[in-house]
Amino acid sequence: MKYIILGQPRSGKSTLAKLLSNELGIPIICTDMYRRIWGFHEPWKGYSTEISPINQKRFYDRLLELYNDYDDVILEGSAINPNDIDLFPNDGVVLLYRTLSAEEKLRECRKYDTDWTSRRDDKYLLELFVEYNKFSEEWVENNKEISINTNDFFAGIDAAKNKLLNFKRL
């Protein structure tokens with residue numbers, strides 16, 4: 001089985017991926033990690049995936065090579081635009097999103113996170129969350145059929161898990 005979990009940061013992608021990985025015993029490919037280590041990460045330039053449109057195809061090609069090495073895998077992250085999901089054959093895809101304000105996301109990340117946000121100051125994160133919210137709204141508007149709201153975090157994660165495990169191709 002191949003599952004894809006998309007969404008902007010702070011939407012619950014990693015939480016859902018880890019939950020499914022533990023339950024199903026299948027590995028996770030984190031698109032955000034590969035975006036960084038392969039040198040495609042270009043934050044603060046207004047790209048929804050933080051990858052230049054000029055480099056997006058090259059990134060996808062490399063990611064597809066890795067993805068196709070697996071029969072069973074979870075692909076998660078914000079480095080794939082949901083409009084390009086047909087490039088990645090899958091058995092289920094969800095787009096997670098939260099409609100929280102940038103300020104609410106900052107409060108939550110300061111309360112719960114020990115990851116990348118802990119290395120950033122509040123001003124930086126607020127500006128970043130404003131940008132992420134804008135892209136998230138655009139993605140959801142164009143992909144309502146796969147979108148799951150995770151404002152009620154654990155209920156949303158559970159709904160997304162059920163949608164993936166019972167996915168019916170449109």
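The values are calculated or read from the model by the stated rules, or taken from the named source; none is laboratory data. Bear in mind the structure is a predicted one, so any value in this text is a computation, not a measurement. No Cβ is skipped: glycine too gets one built from the backbone with ideal geometry, and neighbour counts run over all protein chains shown. Surface areas here come from the heavy atoms of the whole protein model, side chains and all, with no ligands, DNA or RNA. Shrake-Rupley method; radii C 1.70, N 1.55, O 1.52, S 1.80 Å.
For every residue, the table says whether it meets (1) in contact with a helix residue (DSSP H, G or I) (Cβ under 9 Å, 6 or more places away or on another chain); (2) at pLDDT 95 or above.
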{"site": "Gly12", "(1), (2)": "yes, no"}
{"site": "Leu16", "(1), (2)": "yes, yes"}
{"site": "Leu20", "(1), (2)": "yes, yes"}
{"site": "Gly25", "(1), (2)": "no, yes"}
{"site": "Trp38", "(1), (2)": "yes, yes"}
{"site": "Glu42", "(1), (2)": "yes, no"}
{"site": "Tyr47", "(1), (2)": "yes, no"}
Open item on the list: I'm told Gln56 meets every condition in (1) assigned to a helix (DSSP H, G or I); (2) in contact (Cβ under 8 Å) with a residue 12 or more places away in the chain; (3) under 24 Å from Asn149 (Cα atoms) except one. Can you identify the failing condition by its number?
Closed with: (3)
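Condition (residue is part of a strand (DSSP E or B) and under 24 Å from Ala155 (Cβ atoms)) applied to segment 7-16: is it met by at least one residue? It would help to see each step written out before you state the result.
Initial filter on segment 7-16 (part of a strand (DSSP E or B)): 7.
This time we only want the ones that are under 24 Å from Ala155 (Cβ atoms), so: 7.
There is at least one residue in segment 7-16 that is part of a strand (DSSP E or B) and under 24 Å from Ala155 (Cβ atoms).
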Task: Any pair with Cβ under 9 angstrom, 6 or more apart, that starts in segment 138-164 at a residue that is more than 12 Å from Leu95 (Cα to Cα) and touching a residue at least 40 places away in the same chain (Cβ under 8 Å) and ends at one that is surrounded by 12 or more Cβ atoms within 10 Å (Cβ to Cβ) and among the aromatic types (Phe, Trp, Tyr) - done: Asn151/Tyr97
Task: Number of the exception - Asn55 against (1) at pLDDT 95 or above; (2) polar (S, T, N, Q); (3) under 28 Å from Phe167 (Cβ atoms) - done: (3)
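Of these, Ile74, Ile51, which one is in contact (Cβ under 8 Å) with a residue 40 or more places away in the chain, among the β-branched types (Val, Ile, Thr) and surrounded by 13 or more Cβ atoms within 10 Å (Cβ to Cβ)? It would help to see each step written out before you state the result.
Working: Ile51 fails: in contact (Cβ under 8 Å) with a residue 40 or more places away in the chain.
After applying the criteria, what remains is Ile74.
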Open item on the list: Of everything in segment 21-48, what is open to solvent by 60 Å² or more (accessible area, probe 1.4 Å) and under 16 Å from the mean Cα position of the chain (by Cα)? Give them in sequence order.
Closed with: Ile28, Met33, Arg36, His41, Tyr47
Open item on the list: Taking the conditions exactly as written (of a type outside the set (Ser, Thr, Tyr), open to solvent by 80 Å² or more (accessible area, probe 1.4 Å) and closer than 17 Å to Phe153 by Cβ), does Lys57 satisfy them or not?
Closed with: no
Open item on the list: Whether any residue in segment 86-109 is within 30 Å of Glu65 (Cβ to Cβ), among the small types (Gly, Ala, Ser) and not in a loop (DSSP other than H, G, I, E, B) is what I want to check.
Closed with: yes
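Out of the residues in segment 59-84 that are in a loop (DSSP other than H, G, I, E, B) and among the small types (Gly, Ala, Ser), state the one that is farthest from Lys123 (Cα to Cα). Step through it out loud before you land on a result.
Of segment 59-84, the ones in a loop (DSSP other than H, G, I, E, B) are 68-72, 78-81.
Remaining after also requiring among the small types (Gly, Ala, Ser): 78-79.
Details: Ser78: 21, Ala79: 23 Å.
Applying the filter and picking the extreme gives Ala79.
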Task: Of residues in segment 113-157 being acidic (Asp, Glu), assigned to a helix (DSSP H, G or I) and open to solvent by less than 80 Å² (accessible area, probe 1.4 Å), the one farthest from Asp84 (Cα to Cα) - done: Asp122
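Of the residues Lys18, Lys2, which is basic (Lys, Arg), open to solvent by 20 Å² or more (accessible area, probe 1.4 Å) and free of Cβ contacts under 8 Å to residues at least 40 places away in the same chain? Please lay out each step first, then the result.
Values: Lys2 fails: free of Cβ contacts under 8 Å to residues at least 40 places away in the same chain.
Result: Lys18 is the single residue among Lys18, Lys2 that is basic (Lys, Arg), open to solvent by 20 Å² or more (accessible area, probe 1.4 Å) and free of Cβ contacts under 8 Å to residues at least 40 places away in the same chain.
Within segment 87-103, identify whether any single residue is free of Cβ contacts under 8 Å to residues at least 12 places away in the same chain and open to solvent by 20 Å² or more (accessible area, probe 1.4 Å), and answer yes or no.
Going residue by residue through segment 87-103, those that are free of Cβ contacts under 8 Å to residues at least 12 places away in the same chain are none.
Checked against the condition, which is being free of Cβ contacts under 8 Å to residues at least 12 places away in the same chain and open to solvent by 20 Å² or more (accessible area, probe 1.4 Å), segment 87-103 yields no hits at all.
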